[in-house]
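The structure under discussion appears below in the form of structure tokens.
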Amino acid sequence: MSGLNITYPIKAGAVRGVIHLGADVTNDTDWHDLTSADFVDSVTGEAVPSGWKFSRIDVINLSTTETSFIKLRARSSAGDAILDEIPVLPLAGYGDDVATIRTAVTTIAYKKGEAGAAFYIIAGFDKE
């Protein structure tokens, strides 16, 4: 916070990437890891460079009935528990300014609640 009691905007990342995780990509309810290289740069259409850190994450769960989950770290196994993970309710979204977290986030994991449902992640990235 500045001396003028103004909160400066949080940087959402130099690159915006998106990934669509429909049934054609992920047709199960296991945990899966994602890094910057899994995302497509929405400006250039190219893959986001490998090794970049997440600055912002927005998730959209298009399942009509099942809650999906994300975690701001890599999975331990495909069968990890969902207890204490971030829920993404059916037909809802979740957003977070992860650049404000004390540890850089370079890998996230997601678990769809319904194998065939569409699931989107839009993320901002910065170089590590």
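Taken as Cα centroids, segment 110-128 and segment 62-86 sit 11 Å apart, rounded to the nearest whole angstrom. Shown for 43, 105, 59, 18: other C-beta atoms within 10 Å of each C-beta, ranked fewest to most, produce the order 43, 18, 105, 59. Once C-alpha pairs closer than 8 Å and six or more residues apart are averaged by separation and normalised to the residue number of segment 1-122, the relative contact order reads 38 percent.
Of all the options 72, 91, 21, the one that moves most in a Gaussian network model of the chain with Cα springs shorter than 10 angstrom is 91. Label-to-label distance for residue 41 and residue 104 is 1.8 nm, based on points extended 7 Å past Cα in the beta-carbon direction.
Coordinate-derived values only; no laboratory data. Quick caveat: nothing in here was measured; it's all calculated off a predicted structure. No Cβ is skipped: glycine too gets one built from the backbone with ideal geometry, and neighbour counts run over all protein chains shown.
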